[in-house]
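Report on the following structure.
The values are calculated or read from the model by the stated rules, or taken from the named source; none is laboratory data. Keep in mind that what you see is a predicted model, and the values were worked out from it rather than measured. Ideal geometry is used to build each Cβ from the backbone, glycine not excepted, and the neighbour counts take in all protein chains shown.
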């Protein structure tokens, strides 16, 4: 007993000595080194309405030690030590419509577009691409890759894509200086595989062709990879709850789950394609949580699913955009990935291509999607013609750039610049970091690239100039935010 008390006394003395040492170090300043202010400098790039500023350098910042913020000021706080999701990339879709429009332009304009979108230094550096498996609304006609009733897929051919899409994807990769991750999606199985015997207007996959349809994906991936175009990932079905006038196919949550579990997942694995990122849902934010929960409830389906894609077409009215559904998914299923796989502004009107709200819609969605956990962002058509097409069902839409195929004139909407404030500076592998604003009028998000550089994007949708203090670590700098502007601040 005496020996036990003596041991306790020794431990007590050692602990007291350790505490005294820590106190001494703190007094001398040694222990405080990690919390000392770290000065930083930064460059500000801005795009603003009623100015000539388009991704233009507008300021150089030098930080100073921050005091206690007050509520009379506006602050944006960034803490690079608190990290969240890693970024896959930001880019857009090379559809039939984009590729056909591109092919009709003079070489000078083609070269300009390739540099504008895919050159990481001279352009906005799109880092991911999406394309359609078979025809979609943004095709000039409806098509599939096999002949009628060829259940063995012996006639499978991607000759259709070799005319426009495949050459453009290859040029994009060349311009980027690397093979960009390619994500592919089907809009419909061949008509003869469906219960309505149509590519269009919904319908469902006939159970007897479920395995044939799964084999079709493998054929497509092998054909593209045979062209030197690796496929990074694929979705099960574009918009599986939408009966459209264009190519579409309906899957309930249970039907998509069972197709993944019994056919597509095992078929990809058997073909040596288990590493392909299989993405379920690929539809709007509003039903995202339900679809994720339904598939994740079945471990035999869930094991094949890398993540879930979503679009923004549910509504665009106030609280109608269910951004927090993304956060709910990440909270409930942290092992799965989420990314924005499609969005565009519909009902094209050529007289409105210069209106500022176009880009602001993109900017708001990107900030809020990233802040709620999205790991990537795919715009829809990166390029369309002067009609908002071509589109074989009259569903004309806006794109970042519209090209007049008769004159060769290129019109850059401010969508291009708003996207560029993210894609040019936030690189694949970047991690989102903690970022908060004092006023709802300023939207902000922040990232740390693999190079160690911190990137902050701040957006002002109001009619007034808003000056704010950017706080990073224990230092800050004063920044100007022009009316209806977006700025990217890159810390050196």
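At a glance:
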read-out	value
Strands (runs of 3 or more DSSP E) contained in segment 443-492 and holding at least 2 residues closer than 20 Å to residue 357 by Cβ	454-460, 485-491
Matching residues, segment 99-131, being more than 20 Å from the chain's Cα centre (by Cα), assigned to a helix (DSSP H, G or I) and closer than 16 Å to residue 166 by Cα	99, 100, 101, 102, 103, 110
Qualifying positions in segment 132-162 - surrounded by fewer than 17 Cβ atoms within 10 Å (Cβ to Cβ), without any contact (Cβ under 8 Å) to a residue 24 or more places away in the chain and not in a loop (DSSP other than H, G, I, E, B)	159
Listing of helices (runs of 4 or more DSSP H) fully contained in segment 289-373 that carry 3 or more residues being assigned by TED's automatic domain parsing to the domain that holds residue 138 and in contact with a strand residue (DSSP E or B) (Cβ under 6 Å, 6 or more places away or on another chain)	357-371
Any chance residue 407 is in the same structural domain as residue 125 (by TED's automatic domain parsing), free of Cβ contacts under 8 Å to residues at least 12 places away in the same chain and not in a helix (DSSP H, G or I)	yes
Residue count, segment 197-225 (criterion: over 27 Å from the mean Cα position of the chain (by Cα) and more than 18 Å from residue 238 (Cα to Cα))	6
Residue within segment 411-423 that is assigned to a strand (DSSP E or B) and modelled with pLDDT of 95 or more present	yes
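Each row is one residue, and each column tells you yes or no for (1) touching a helix residue (DSSP H, G or I) at 6+ places or on another chain (Cβ under 6 Å); (2) within 20 Å of residue 225 (Cα to Cα).
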| position | (1), (2) |
| --- | --- |
| 89 | no, no |
| 96 | no, yes |
| 113 | no, no |
| 118 | yes, no |
| 134 | no, yes |
| 147 | no, no |
| 161 | no, yes |
| 174 | no, yes |
| 194 | no, no |
